[in-house]
1. Cβ-Cβ below 7 Å, separation at least six or inter-chain, first residue in the stretch 77-104 and more than 18 Å from LEU133 (Cβ to Cβ) and open to solvent by less than 40 Å² (accessible area, probe 1.4 Å), second small (Gly, Ala, Ser) and outside any helix (DSSP H, G or I): which pairs?
2. Sort through VAL67, VAL34 and tell me the only one that's aliphatic (A, V, I, L, M), within 26 Å of GLY115 (Cβ to Cβ) and either without any contact (Cβ under 8 Å) to a residue 40 or more places away in the chain or not in a helix (DSSP H, G or I) (or both).
3. Say we look at the stretch 6-61 and pick out the residues that are hydroxyl-bearing (Ser, Thr, Tyr) and closer than 26 Å to THR243 by Cβ; which of these is nearest to the chain's Cα centre (by Cα)?
4. Can you find, within the stretch 180-220, the residue that is modelled with the lowest pLDDT among those that are within 20 Å of the chain's Cα centre (by Cα) and assigned to a helix (DSSP H, G or I)?
5. Please enumerate the residues belonging to the stretch 8-30 that are surrounded by fewer than 18 Cβ atoms within 10 Å (Cβ to Cβ) and polar (S, T, N, Q).
6. List every residue pair whose Cβ atoms sit under 8 Å apart, with the two residues 6 or more apart in sequence or on different chains, where the first one lies in the stretch 127-146 and is at pLDDT 70 or above and the second, anywhere, is small (Gly, Ala, Ser).
7. So if I check each of LYS117, LYS176, which one is within 13 Å of the chain's Cα centre (by Cα), modelled with pLDDT under 90 and open to solvent by 50 Å² or more (accessible area, probe 1.4 Å)?
Amino acid sequence: MGDWLQRNIVEPGKLPLLLALTAFILTFLITRVVTRLIRAGKGPFGNVSAGGVHIHHVVPGIVLTVVGGFGAVAGGRHGFGSAVSAVVFGIGAGLVLDEFALVLHLDDVYWTEAGRKSVEVVVLTAALVGLVLVGFVPFGVNDLSDEELQDRGSVISTVVVNFLLALAVLSKGKAKMAIFSVIIPFVALFGLVRVARPDSPWARRLYRRRPRARAKAVLRAYHHDRRWAGPRRVLGDWLGGKTDAELTRAADHR
C-alpha cells in the first residue's frame, strides 16, 4: 500500500488532491451528523447566530475555500503549506456544497426535497475528484501516447471532439452522464445512443415532428425515474437525513 501511495499519489504531486478530497468527504459527513443532532435537539451543538441572524455554515465555508484556494495556488503541489491549504480548501468546499441548494434557491431549503440537491452535488463532486485522483484526465487526454501528446493538433482535436460529445449528451438532458463523460469519454458514446429526455433541447428540436420518438422518450424517462426514485431516496435519507415532509408524514402515521 505504501509503495502504491508513493508511486501513484506522492510522486505525481497528487497528495494535496487526496488530502482535499478526504477533508471534503469527512467535513460533509461530520456536518450532516451535527446538523441532524441540532435538528433533533441532542448533543451540545446549536445553531450559530449573530445579531439575530442565523449564520449558515456556507459562510465560513466560503472563507475557508478562498483561503485554501489562494494558499494552494501560492504553495504549489509539494510541501507542508500545500498540504495544509488542500485540507483547508477541502473543509471549505465541504461546508459550501453541503448548502449548495441554499445558494441555488437563495432560500433555506436544507430539510426539504429541494435540499437533496446538495447531497447529489457532493456525491457527484467526490466521484469526479476520485476519478481524477486515480488517473483519469478530463476529455480523455490521458488516453494519448507520448508521441500524440507532443503533437498539439492531436491533443486539441481530442479535447474538442470529446467536448462536443459531452455537449451533445448534455443537450439530451443527461447532465450527470455529460459530466462523467468529460472524465471518461466512453460514457458520452453510451449517452448518445440513448433516447433524449422529453424536456431536453435535443427532444424539443429533433422530436418535434417525430411523435413515436417523443412518446418513446416520455416512456423511457418515466421508467427511468421510477426505477431510480427509491434508491435515490434511500441514499438521500442515509446521507442527508429525512426531509421535514417525510418526518411529518411519519408522525401522522403513528
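1. Correct list of pairs: ALA101/ALA114; ALA101/GLY115.
2. On the way: VAL67 fails: within 26 Å of GLY115 (Cβ to Cβ).
Within the list VAL67, VAL34, the selection yields VAL34.
3. From the stretch 6-61, those hydroxyl-bearing (Ser, Thr, Tyr) are 22, 27, 31, 35, 49; that's our starting set.
Applying the additional criterion that residues be closer than 26 Å to THR243 by Cβ yields 27, 31, 35, 49.
Details: THR27: 15, THR31: 17, THR35: 20, SER49: 29 Å.
Among those residues, the one meeting the criterion is THR27.
4. Step one: list which residues in the stretch 180-220 are within 20 Å of the chain's Cα centre (by Cα), which gives 180-188, 191.
Among the residues that remain, those that are also assigned to a helix (DSSP H, G or I) are: 180-183, 186-188, 191.
Values: PHE180: 88, SER181: 87, VAL182: 81, ILE183: 84, PHE186: 84, VAL187: 87, ALA188: 88, GLY191: 89.
Ranking the candidates gives VAL182 first.
5. ASN8, THR22
6. VAL129/ALA20
7. Details: LYS117 fails: modelled with pLDDT under 90.
That would be LYS176, the only listed residue that is within 13 Å of the chain's Cα centre (by Cα), modelled with pLDDT under 90 and open to solvent by 50 Å² or more (accessible area, probe 1.4 Å).
So that you can scan it fast, the table gives a plain yes or no per residue for (1) aliphatic (A, V, I, L, M); (2) loosely packed, with under 12 Cβ neighbours inside 10 Å; (3) under 30 Å from VAL195 (Cα atoms):
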| residue | (1), (2), (3) |
| --- | --- |
| PRO211 | no, yes, yes |
| ARG214 | no, no, yes |
| TYR222 | no, yes, yes |
| ASP225 | no, yes, yes |
| TRP228 | no, yes, yes |
| ARG233 | no, no, yes |
| GLY240 | no, no, no |
| ALA245 | yes, yes, no |
| ARG249 | no, yes, no |
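The values are calculated or read from the model by the stated rules, or taken from the named source; none is laboratory data. Remember, predicted model here, so these are calculated numbers, not experimental data. Here Cβ is always computed from backbone atoms with ideal geometry, including for glycine, and neighbour counts include all displayed protein chains. Each accessible area value is taken on the protein alone, full model and side chains, heavy atoms only, with ligands, DNA and RNA left out. Shrake-Rupley method; radii C 1.70, N 1.55, O 1.52, S 1.80 Å.
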